[in-house]
1. Charges on Cβ only, +1 for Lys and Arg, -1 for Asp and Glu, centred on the Cα centroid of segment B:109-212; of B:V124, B:I204, B:L173, which one is farthest towards the dipole's positive end?
2. Length gain on complete extension for the stretch B:E78 to B:D223, per 0.36 nm per residue less the alpha carbon to alpha carbon distance?
3. Considering only the other residues whose Cβ falls under 9 Å of the Cβ of A:E226, what net charge follows from Lys and Arg at +1 and Asp and Glu at -1?
4. If you filter segment B:137-210 for trypsin sites (Lys or Arg not before Pro), then keep DSSP loop positions with at most 14 other Cβ within 10 Å, what is left?
5. What is the dipole size for segment B:3-225, taken about its Cα centre, with +1 at each Lys and Arg Cβ and -1 at each Asp and Glu Cβ, in debye to the nearest 20?
6. Can you give the angle from 0 to 90° between the axis of helix B:50-83 and the longest principal axis of chain B, with both taken from C-alpha atoms, to the nearest 10?
7. For every helix of n ≥ 4 consecutive DSSP H residues, a contribution of -39,500 (n - 2.57) applies; sum these over chain B, divide by its total residues, and give [θ] at 222 nm rounded to the nearest 500 deg cm²/dmol.
8. Packing-wise, with mean Cβ within 10 Å as the measure, how do B:50-59, A:98-107 rank, highest first?
Amino acid sequence: MTHTMEPRVSTATAPRAKGSATLIGALIVLALVAAAQAFGFLTSPPDRDMGHLQKIMYVHVPAAWNAFLAFVVVLAGSVMYLWKREEKWDLLAASAAEVAAVLTALTIALGSIWGRPTWGVWWTWDPRLTSTAILLVIIVGYLALRSFVDEPERRARWSAVVGILGALNVPIVYMSVRWWRTLHQPQSSPSTVDPAYAWGLRLNAIAFLLVMIWLVRARYRAARLERISELAAEREALGGRG
Amino acid sequence: MTARLALSRVMAVAWKDLTTERRSKAGFNGVVFMAAITLLMFGFALGPDPAPIRTAAAGLLWLTVLLSGVLAFNRSYELEIEAGALDALLLYPGGRWPIFAGKLLANLAFVLLVEAITVPIAGVLYDLPLLTPLPGLVGVLFLGTVGFVTLGTYYAAMASRVRAREVLLPLLLFPMLVPLLVAAVGATKAVLAGDPMGYGSAWIRLLAAFDIVFLAATFMTFDYVIGE
Amino acid sequence: MSKRGRRVGMAIAAAAILGTFAYLVYGGIGENLVYFLTPEELMARGDRAYDVPVRLGGQVVPGSVVWNAQAVDLRFAITDGAKTVPVHSSGAPPQMFRDGIGVVVEGRYHRAGVFESTSVMVKHSNEYRAPKHGEKPAEMYRSLTTGSEE
Amino acid sequence: MPGEQYIYAAYGLTWVVLIVFTTTTLRRVRRAERAARAVALSGETP
């Protein structure tokens, strides 16, 4: 089994050098989030209707954007896997799916916390809320499938098609629930908010983006190393017997 | 492979599945019984007052179809995997889509038969006027069932091969069926009420769109999920 | 199946998916579906407006709010500029509830001419703004009563 | 300010999620690194 030789060489030297970088990276991106939030708090006046509750926007909206971005990575990784059949694309999709699941759950929880004092309800069957919740269960199904299939090649193939079909479903889900007419306001973005809030939102979104990228990269790296150990263990078992 | 050969292969797979099902009977009877008891339990859950049951009837009917139908899909692969017959089927030259199409047809016939029995039961239990809107109702049931069976047959190809298949199939399938459920319930409500708001046609078109998208997507990717 | 036949099949399937999505997005089939009715739409339904569960959306008529905190009894009126519907609710209003704001209420319109609401939801617009002196919020909520789709 | 408990809840939840998820990710990376290194070392001894 010659193909296992090449990754082994790269791991023997790499981990030590990058090991500390991951912790430092984590501290840096989290500090950026704290800084962006401080900036948001200091620069934004209370909203006319919501008062200081507007500040929840600085965590809710960036979480939502980056959750969707992570889904795009899942879709891209799935398509690339089916096309190139290289394991790295599957591992990338899986890592992004884990991050997407966490960020989506956070988005929904934060929206709920915001919705209670402003709309008066924790939850309403509105298109955006409902489709986000369905997105979450689709991605949980994707991760469940991965955990139930042990054989890596089959797991990669299956989860890639499940990821792609799930992504195809998202616009239809949105359509179907939108037809109850929306209660949720259109998505907040720098162009629909007062200039006083725009920079706070932008900075927080960028900080969250960096956190998201760090998380996906770290989990991808872990997944790759896990695969390398698995392959090596397999080879050892084979070598021991033969 | 010519079109005629492909068609005959599709029919052969479908016929084989249905024959196995007919010989055993346990599967079909069990699913019908499950559907009937679900309808009954919904009735108990919503209390003796007929008004809330009638309001919710379309939703209860579709949930019953989904909950009982999902029991059928894993079966269509399980029997073959146990007997090793699927691997033999896969060895035939030519694409694998005829296998999928055949299984889809067999499952479609199966679920439609289940509905033919359970919908009248629902009509009696929930006091629904079924006869006047019958043509529209049949159309909506058919469109909804096509989408349901397409994704059910597809995901069962994966779920039936893993541990915990009874959990995994609904976990994968039900979130995908949300738009189908919304549109099917909307259309059924509209049809049963004589479509007072004029929403029926929009829901039916959404159902048809769902069917087309997922029929096409499953045929494009079926090679990846069957076999090996 | 031949390679060519397979490729043709793939192309047809992909075209079907894209075409269906295009139809869903640009076909405009959902345009007559509504999340809530405006008072004018509710009135236009005539006899069918009564005693069926509906959502009603509009602007709270300034000065119409009567809130009895002891009895937890809320009365106000909703308007879309053309028609006005009195609403009664047995529940505390949400924090943002006030004169002139956009709301969606769920419930039934009774023949007595009062909308009996089971839940009151405030509809916030997507425009986050700092308050300005003498600004009239009414304009902002016109988009609500005409129904914002996107 | 009115409704400040909701702001505390939102920011508190965000930080709990960020820190817990980051920590578990770091741990997983560490574990994977150790395992990979062990494999690499044992592979080199004939």
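No lab work stands behind these numbers, since they all come straight from the coordinates. No experiment lies behind these values; they were computed from the predicted model shown. Here the Cβ positions follow ideal geometry from the backbone for every residue, glycine too, while neighbour counts run over all protein chains shown.
1. Ranked along the dipole, the leading option is B:L173.
2. Full extension of this stretch gives 50.4 nm more.
3. Spelling it out: positives minus negatives among the neighbours equals +3.
4. Within segment B:137-210, the qualifying trypsin sites (Lys or Arg not before Pro) (loop, at most 14 other Cβ atoms within 10 Å) are B:R163.
5. That gives a dipole near 380 debye.
6. 10
7. Calculated at 222 nm, the ellipticity per residue is -29000 deg cm²/dmol.
8. Packing proxy ranking, top to bottom: A:98-107, B:50-59.
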